[in-house]
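To keep things clear, I will list the structure first and then write my remarks on it.
Nothing in this text is a laboratory measurement; each read-out follows from the coordinates by a stated rule. As the structure is a prediction and not an experimental result, all values here were calculated from the model. Note that each Cβ is placed from the backbone with ideal geometry, even for glycine, and that neighbours are counted across all protein chains shown.
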Amino acid sequence: MLDYTFADADFAGAGFADADFADAGFAGAEADQVWGRSLLAPLAPGALTPFTGSLLAEVAARTWYLYYDRLGFNPTSRARRVRSVAGRPYINLSLSALLDAENAGLEPPSFRLDGAVRPLLAWEKPGFFASIKLSRGAKKIEEMFKELQQELPAITEKAAAWHTRVSNLRWSQAEVLQVMEEIERIGAAALLPYFAARHGLETAYRRLLHLLGARAAAESTALIVRALGDAAGTVEVDMARRVQTLGQTGAAQQEALAWLDAGDFADWEQTLPAGAFADDVHAFLTSYGHRGLHEGEIAAPRWRETPTTLFAAIRACAHYAAAPDSQPADLQPLLAAVDGKARKEAQQLAEQMRKLISLQSHGLHAFSFILAGTRRWALAAGHEAMTDHRITALEDIFYYELEEVKEMMTGEWNVSDRHGIHAAAAARRDALEHWQRIPPPALIWGERAAQLQTTGLAAAGGARTGTAVTVESGASLASDAAVLVCEEPESTLAALLPAVAAFVAVQGSPLDPLCACARSLGRPGVVATGNSFATISPSSRVTVDGNLGKATIL
């Protein structure tokens, strides 16, 4: 069981209110409710702008309802489902646990807080006849996973078609208003496979930790990671292998290698040398050009707009990349560590998690089309708002909530109050900079923040020592022993994995898509290292031991 501790956190200076969507008239107290950020963490790489935060909170709240409604769990409670704290979205774990327990007999999770185990909800194990009834609910969850896996190609195709249509618009005011009405509805449908997979992964992960008993979190997690092994067929693995192939193609073409080594990618579309390398670059961007680093933040550019770090990774692969060395699943250590009566359950949980890792990966890719399309819409709305000086810089559009941008586009926001509109953006920019310096709590228990107490969790096996390189300094990748240090193990960092020897994440979970990709490439990884790596110098020497979940700055 993971250890948490209550910690005071400074959340003052919030530039906008908590997201509150479906709570009107809710009279119940939230003093005992528990909120977690891990489910949405792969979509929220750090504190988010007001536009992105409000969009993700709204879409996630709708997706939460779609998930439980499809299961037939009667999600009629008017309790708040998603809230925003310090620019990060948090899911109502108490409400989810209640529906899971009442309809599927899933035991609510417990957390070790300040050394004491605290259950999320009061719960009694159901009797024989109640268990028969509840097993039908548990069966519905398993069936939904299978159904979503089958539906995923159509969901992805629909999301991609929407992105293509949005990308080709001429952005008249009528088109801006039309797309505005589509974003949340289409976004929720596209997010459902990811949401279901991630919720299932976290449920299974917590159950395995429980079966492993009183072992230290690092030891238990290492056993689970070893049992999960590689993740062939995920989007991240395809992305990484194609970057590595691009490096090999570039190395084989003299003009392409010289172009990569020159490092001037500002005008890449005009300067890219013709040939096999250029063909492969365009093929990669056809598949993944709508994605990019920090893609959960809609204000961040996509690779088709700014591929500088992508080309830096390709250049490093042309000179230094090591061959992939997959880490296959090994269940035996995990099974040996649990009680004999629980081994069958542990094996079933591990096998289910391997399937859900694939669903999570492809579900996240489907939703990435919505994020990229919404960015196109936001920029078009920003250009429209600049015509009469409602905003003075295009990027300011991201400092307004989604509903505020809608009001701005429909004329409901008093345009004559330009001073107030400009002041709001400035205040929120300051608030965002403040939130970015705050370590986000893993849990919000009532009104108290709980931090995960760990100096590292295993993400991918193996051990390496190298020189730290951050995402921000990634354009200077130039070593066969670089260790990538990031805040969150976000999905698109998979494009950089072939160019590094290992990775370390300040936050994150071994369930994150990047971790599965690292196991497929044989890149050791450690997540949840805490603040020791938050301000690391890019020139520091780092040892990463993914077998033990330890990362050390030398």
Estimated inter-spin distance, ARG70 and ASP261, nm [label 7 Å along Cα→Cβ]: 5.1 nm
Mean residue ellipticity (222 nm) of the chain, computed from DSSP H runs ≥ 4 via -39,500 (n - 2.57), nearest 500: -16000 deg cm²/dmol
Ordering of 219-225, 47-53 by packing [mean C-beta count within 10 Å, highest first]: 47-53, 219-225
More than 39 Å apart - percent of Cα-Cα pairs taken over the chain: 25 percent
Pairwise centroid distance, computed over Cα atoms, of the range 175-242 with the range 411-444, Å: 30 Å
Gained length - THR164 relative to SER287, 0.36 nm times residue gap less alpha-carbon distance: 43.1 nm
Percent RCO, i.e. relative contact order, over the chain, from Cα pairs under 8 Å lying at least 6 residues apart: 22 percent
Mean separation of Cα contacts under 8 Å, 6 or more apart, over the residue count of the range 381-440: relative contact order %: 33 percent
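Set the Förster radius R0 to 22 Å, insert the Cβ-Cβ distance between THR470 and SER532 as r into 1/(1 + (r/R0)^6), and round the FRET efficiency to 0.05.
Efficiency computed from Cβ-Cβ geometry: 0.95.
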Part-to-part distance (alpha-carbon centres) for the range 96-129 and the range 452-521, which is given in Å: 34 Å
Cα Rg, Dmax (largest Cα-Cα span) when computed across the range 455-553, Å: 11.2, 30
In the chain, lysine pairs closer than 23 Å at Cα, eight or more apart or cross-chain: 17
Anisotropy class of the range 381-440 from Cα gyration tensor, a/c 1.5 cut: prolate
Packing rank of 73-82, 291-300, 149-158, where each peptide gets the mean count of other beta carbons within 10 Å, highest leading: 291-300, 73-82, 149-158
Euclidean distance between Cα centres, the range 539-554 to the range 278-308, Å: 30 Å
Under the span-like rule (Cα at least 20 Å along the axis, Kyte-Doolittle mean at least -1.0), DSSP H helices of the chain: 50-71, 128-167, 183-211, 235-252, 343-386, 418-436
Antiparallel bridge percentage (DSSP; both residues within the chain; nearest 5): 70 percent
FRET efficiency estimate (nearest 0.05) - Cβ-Cβ, ARG112 to ARG437, R0 35 angstrom: 0.80
For the range 81-157: rounded, prolate or oblate by the Cα gyration tensor [a/c cutoff 1.5]: oblate
Additional length obtainable on full extension of the chain from GLU407 to GLU219, 0.36 nm per residue less Cα span: 62.5 nm
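Once the cut-off is 24 Å, how many percent of the Cα-Cα pairs in the range 382-517 end up in the long-distance tail?
Value for the range 382-517: 54 percent of Cα pairs lie more than 24 Å apart.
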